[in-house]
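Read the structure below first, then the notes.
The values are calculated or read from the model by the stated rules, or taken from the named source; none is laboratory data. In this text the structure is predicted, and so the values were computed from the model without any measurement. We place every Cβ from the backbone using ideal geometry, glycine too, and count neighbours over all the protein chains shown.
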Amino acid sequence: MKPTTSIITTLTLAGLVSLPGCGTGEASVAANATPEAAAAVPVEVALPVRADIFATYDATATITSDADAPVLARVAGDVVELLVEEGDRVSSGQVLARLDGQRLRLEMLAAKANLEQAQKEYERNVDLHERGLISASMFEGLKYDLAALEATYELKKLNYGYSNIRAPIAGVVSGREVKRGQNVKVNDVVFRITDTAELVAYLQIPQAQLPKFQAGHTATVNVASMPEVDFPANIIRISPTIDTRNGTFRATALIRNPNGDLAPGMFGRFTVAYEKHPNALVISAQALLDEDEQASVYVVSDDQVVRRVVETGIVNGGKIEILGGLTEDEQVVVVGHSGLRDGSKVLASKTLPDSFTG
């Protein structure tokens, strides 16, 4: 039993001697290792640009027409002819439909005959009046009768003319309310004409915004049917009174629509440019870091970034005005902020600037 114990003890001591040797070797290797340099972060950068930028206000309203006229029947009669349909463009005074005007024509002819008879009677008595052969009162009566018959004829002629229903304004036929053969009465609506060359919208603006608005401001309008198109508009008048029901004032926007792309009844989203800063220093709003209640950007210098606090102004269309803290020749990070810190190394690639005009 003693030899066996001696052998086990010897092996155990040998193992204990070998363990410190292995630990010392590992520590030596770790101490001599060199840490790898931090990898550069790829980012996109851009230079600020000089451009005009506008402060804007967004509002919504229904587009309508200031020139929308119902066409009324001035005389009664049966519709014998329809000359236009909905969607047709018409000029002012153009005949839209005709009524059966035979009775009106005969009344006009009768009035004309009475007038011609009275004119001849009057002419025969002029010479007699000059020679004193008829009394002044009788001659004056002939003159008044002639004037009355002339007015009657003109009225009958006018009524006969009303058997041709005409457009009161130029525009597009937006509604036809009668059919051929239908009997219409005086003041019945037979058509509706809408001028779509110029449309309007009434914007309800909070009274707190009133000092910012004035007639002449430019605007754009966008509609759901053509979301990619911005139509130009102008503020043409502003109501001087406040609507007490909702605390807003009314600004009227005029939209020129020469091609007829817009139609009354469309719902429009308006952007009104009420303040212009010309030749402002502008960057993409993507470059802005809004942290700790301070606006800042990452500026690239010698392949490193430095966080710079900036003073901002107008924000419009994804662009932001820089009032201080940045110069035109300093590149700012536009894409790739995630994980950046002061002093982070970057691999920068330039991005092309967009249009910054408002």
Query raised in the report: If the Cβ limit is 7 Å and pairs must be 6+ apart or interchain, which residue in region 183-201 that is among the hydroxyl-bearing types (Ser, Thr, Tyr) pairs with which residue that is surrounded by fewer than 18 Cβ atoms within 10 Å (Cβ to Cβ) and outside any loop (DSSP other than H, G, I, E, B)?
Result: Thr194/Asp68
Requested in this report: Could you tell me whether region 313-322 includes any residue that is within 28 Å of Leu347 (Cα to Cα) and among the hydrophobic types (A, V, I, L, M, F, W, C)?
Outcome: yes
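Based on this model, can you work out whether Val126 counts as surrounded by 16 or more Cβ atoms within 10 Å (Cβ to Cβ) and β-branched (Val, Ile, Thr)?
Criteria not met by Val126.
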Query raised in the report: Name the pairs whose Cβ atoms lie under 6 Å apart, with the first residue in region 316-339 and among the charged types (D, E, K, R), the second at pLDDT below 90 and assigned to a loop (DSSP other than H, G, I, E, B), and 6 or more positions between them or separate chains?
Result: Lys319/Phe356
Requested in this report: Taking Gly101 as meeting all but one of (1) surrounded by fewer than 12 Cβ atoms within 10 Å (Cβ to Cβ); (2) more than 30 Å from Pro264 (Cα to Cα); (3) touching a strand residue (DSSP E or B) at 6+ places or on another chain (Cβ under 7 Å), write down the number of the exception.
Outcome: (1)
Query raised in the report: Is one or more of the residues making up region 41-60 surrounded by 18 or more Cβ atoms within 10 Å (Cβ to Cβ) and within 16 Å of Asn183 (Cα to Cα)?
Result: no
